[in-house]
Amino acid sequence: MSCAGCVSRVETVIGDVPGVEEANVNLATGRTAIRYLETVSSEADFREAIAAAGYGVCDLEDSADSQLQEIAGLRQDVIIAALLTLPLLAIAKLPIFHSVAEAMYGLFPKHVWSTYEWALVTPVVFFAGWRFFRSGWTELRHFNPGMNSLVMIGAGAAYLYSILVLLVPGQFPTGTAQSYFVAAGVIVTLILVGRYLEALARGRTSKAIQALMSLEPQTARVVRDGVETEVVLDDLQVGDVLAVRPGERLAADGVVLEGVTQIDESMITGESIPVEKMAGADVVAGTVNASGAFTYRATIVGDETVLRRIMDMVEQAQNDKPAIQRLADKIASIFVPAAMGIAVATFAVWMAVGPTPVLNFAFVAAVSVLLIACPCAMGLATPTAIMVGTGRGAENGILIRNGSVLENLARVDTVLFDKTGTLTHGTPVLTDLFDPGTGESLATPNEILAIIAAAESRSEHPLAHAITRFAAEKGLDIPEVSNFSVKPGFGVIATVRDKQVVVGTAILMEQEEVEFASSAPIADHLAAEGKTPVLAAIDGLIVAVLGVADTARPESKETISTLKQLGLRVGIISGDNRTTAGVIAAELGIDQVIAETLPGDKAAEIKRLQQANQKIAFIGDGINDAPALATADVGIAIGTGTDIAVEAGDLVLVSGDVRGVVKAIALARGTLRTIRYNFLWAYGYNVALIPVAAGVFYPLFGWLLNPMLAAAAMSISSVLVVSNSLRLRKLSLPFSD
């Protein structure tokens, strides 16, 4: 395929195969993704349809070799064409200098030099440029004119016209027997150079996939019966024990069995600092063992590893077609036939009203229109930007399910966050410890905390875990517990150091006849701050009031601030009570709070805002928030390590760092901006230069485009579009190192 017209044609013929529901063809990757009914159609049907339309097909695993062969073939043709075109150009253009013309025509007559031109240009057109004639004829035969048709007609007409001038010059009207051999040669050479540069640049756009593929080792060291054996990746099985040495990449997802090490997980999380791993820790295929040797058990192998799933997601995103590209392909499908019509009309008008020599003017204008009109740049405008953008995202731990996500995310005006586990850590921590001053002091604060932690140590409640975790972090010695009992929903009662300990709610204190009136103001104060108050009594006296809360992540506040600077509305939508959600919102600087919502209610709230013409991005944990993620214009799932909710959101932030939301929006805006610039150039170039090529401005300013310049402009436009897309690889993203 060579232009957006080709894309439209291939999609049409595939879509005409019975059982096909959808076909997406990508000019930049040369790939198609087809959704079809297996009971109605098959791969063989698609191959047959594509071949019947005049295009070739290669298997996906051979595409890399095919691309290398294409680049090598283009390089060879460019070298041959350039070596022959340079002397051709010299013979044709040097005679403009009077002294050079005298010397040349003194050596050989003019028709002999024209014969030399013919000898030089013939291999350029019909050997180096044969690809244009072969494909162009196929396009015309299938009533599907494209770039190759335009080049074939333009260069072929210049060559044929010049042959007739050479053989039968007397048959031409006075002043029109002019040779265009040099135009034919230069046209083919310039377009070949453009194709070659474009192929090189398009190869660079797919480096993200190549880089991901290179992260997967080819072999793994399996421990079987105490002996290490090296096996290829395809032979790995779930349950295998793998040995990893420093500097090696992991071959499967798994759990550490023995050893302590640090692993570079930057390819998964985007974080450059190695993560410490010990027995029981999860590890991921493709990550690098930075320090110690260790063994681990493979839990996921082959296509289901995180790395393979990331690769699949990036490829899927790169092959997707946003709405803006579908429109471009539709326009391009009628652009080439329209250009041919304009060329015919141009020739007819010049023949009717043009100045002498009218045939020359008509011929030059018609050929220029054919060459300038090719919609190559239109076909490349979106897919190249999407490829580079999704690859850039993958490098930063931003996994994009399809290319449409970038277009949608760039247009979002409201960002809604789930609270728990997204803006907060998701696990409660002990934030306050008050001495209410009731009764005599029984012990030091640390001793009291140790006794409370002992009573809570046998409880499975998250609040109990927060208290015991805090005591452990302080290094306290936790005493033995006896007579432990749980009062579900209220707290615990236990005996610690021969003392009765009651820890829980005010209701539990009432039930155990513990006087707590003097401590109530402290509890109310904690509740007003969005914290959960916990009362603790020893032998009937309140000894402490504890505050437990799910605290905000340290990066949440700067994330919210930056989103506001980007001009976005920011809100919380949470199942928590209004007080708790409001406290977190106030702390982070969020104005809009939607609280006390069930998962289904979250989706309904998002629909309500969408009906008010707001474009919503919703950020949640990707599991509990699945309905809301699916309803939002863009659903962003927060994932950490191997816990990636791939199916939940349109976009996954692998590291779990909410600052990735800002990065994703900046990337989406940068990608859409690049696509718009690409289209501005592609359409602007065609719209501006077709009238110039047709000679519309010749009567006013004497402007008439030379076919050689038209060919150069057409080639340069495609290279410029691809090069502009490649600039996304250097796009500066917020919070990036």
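The values are calculated or read from the model by the stated rules, or taken from the named source; none is laboratory data. A quick note: this is a predicted structure, and the numbers were derived from the prediction, not measured. Using ideal geometry, Cβ is built from the backbone for each residue, glycine included, and neighbour counts are taken over all protein chains shown. Quick note on the areas: whole protein, heavy atoms, side chains included, nothing else; ligands and nucleic acids left out. Shrake-Rupley method; radii C 1.70, N 1.55, O 1.52, S 1.80 Å.
Considering only residues that are crowded, with 24+ Cβ neighbours inside 10 Å, within 23 Å of the chain's Cα centre (by Cα) and part of a loop (DSSP other than H, G, I, E, B), which ones fall in the stretch 1-34?
Correct list: CYS3, LEU27, ALA28.
Condition first: open to solvent by less than 10 Å² (accessible area, probe 1.4 Å), basic (Lys, Arg) and not in a strand (DSSP E or B). Can you find one or more residues in the stretch 403-425 that meet it?
Yes, the stretch 403-425 contains a residue that is open to solvent by less than 10 Å² (accessible area, probe 1.4 Å), basic (Lys, Arg) and not in a strand (DSSP E or B).
In the set VAL570, VAL534, which member is over 30 Å from ILE522 (Cβ atoms) and either in a loop (DSSP other than H, G, I, E, B) or at pLDDT 90 or above (or both)?
Values: VAL534 fails: over 30 Å from ILE522 (Cβ atoms).
The conditions single out VAL570.
Tell me, please, whether a residue that is loosely packed, with under 15 Cβ neighbours inside 10 Å and out of contact with any strand residue (DSSP E or B) (no Cβ under 9 Å at 6 or more places or on another chain) can be found in the stretch 152-160.
Yes: one or more hits.
Tell me, yes or no, whether the stretch 40-54 has at least one residue that is among the aliphatic types (A, V, I, L, M) and open to solvent by 70 Å² or more (accessible area, probe 1.4 Å). Reasoning before the result, please.
Start the filter on the stretch 40-54 by keeping residues that are among the aliphatic types (A, V, I, L, M), which leaves 40, 44, 49-53.
From the residues that got through so far, the ones that are open to solvent by 70 Å² or more (accessible area, probe 1.4 Å) too are 40.
Yes, there is a match, as at least one residue in the stretch 40-54 is among the aliphatic types (A, V, I, L, M) and open to solvent by 70 Å² or more (accessible area, probe 1.4 Å).
Report yes if GLY286 is crowded, with 16+ Cβ neighbours inside 10 Å and either modelled with pLDDT under 70 or not in a helix (DSSP H, G or I) (or both), otherwise no. Outline the logic, then answer.
On the way: crowded, with 16+ Cβ neighbours inside 10 Å: yes; either modelled with pLDDT under 70 or not in a helix (DSSP H, G or I) (or both): yes.
Considered against the rule, which asks whether it is crowded, with 16+ Cβ neighbours inside 10 Å and either modelled with pLDDT under 70 or not in a helix (DSSP H, G or I) (or both), GLY286 comes out as yes.
Which one is least open to solvent (accessible area, probe 1.4 Å) among residues in the stretch 126-136 that are farther than 16 Å from MET1 by Cβ, touching a helix residue (DSSP H, G or I) at 6+ places or on another chain (Cβ under 8 Å) and part of a helix (DSSP H, G or I)?
We begin by selecting, within the stretch 126-136, every residue farther than 16 Å from MET1 by Cβ; these are 126-130, 133.
Next, only the ones that are touching a helix residue (DSSP H, G or I) at 6+ places or on another chain (Cβ under 8 Å) stay: 126-129, 133.
If we keep only those that are part of a helix (DSSP H, G or I) as well, we get 126-128, 133.
On the way: PHE126: 79, PHE127: 115, ALA128: 1, PHE133: 29 Å².
Filtering the stretch 126-136 for residues that are farther than 16 Å from MET1 by Cβ, touching a helix residue (DSSP H, G or I) at 6+ places or on another chain (Cβ under 8 Å) and part of a helix (DSSP H, G or I), the one least open to solvent (accessible area, probe 1.4 Å) comes out as ALA128.
Within the stretch 302-312, is even one residue touching a helix residue (DSSP H, G or I) at 6+ places or on another chain (Cβ under 6 Å) and at pLDDT below 80? Steps first, answer last, please.
If we filter the stretch 302-312 for residues that are touching a helix residue (DSSP H, G or I) at 6+ places or on another chain (Cβ under 6 Å), which is where we start, we get 311.
Add one more test, that the residue is at pLDDT below 80, and what stays is 311.
Checking the stretch 302-312: at least one residue is touching a helix residue (DSSP H, G or I) at 6+ places or on another chain (Cβ under 6 Å) and at pLDDT below 80.
Does ALA586 count as over 21 Å from GLY426 (Cβ atoms) and open to solvent by 10 Å² or more (accessible area, probe 1.4 Å)?
Values: over 21 Å from GLY426 (Cβ atoms): no; open to solvent by 10 Å² or more (accessible area, probe 1.4 Å): yes.
Against the criterion (over 21 Å from GLY426 (Cβ atoms) and open to solvent by 10 Å² or more (accessible area, probe 1.4 Å)), ALA586 does not qualify.
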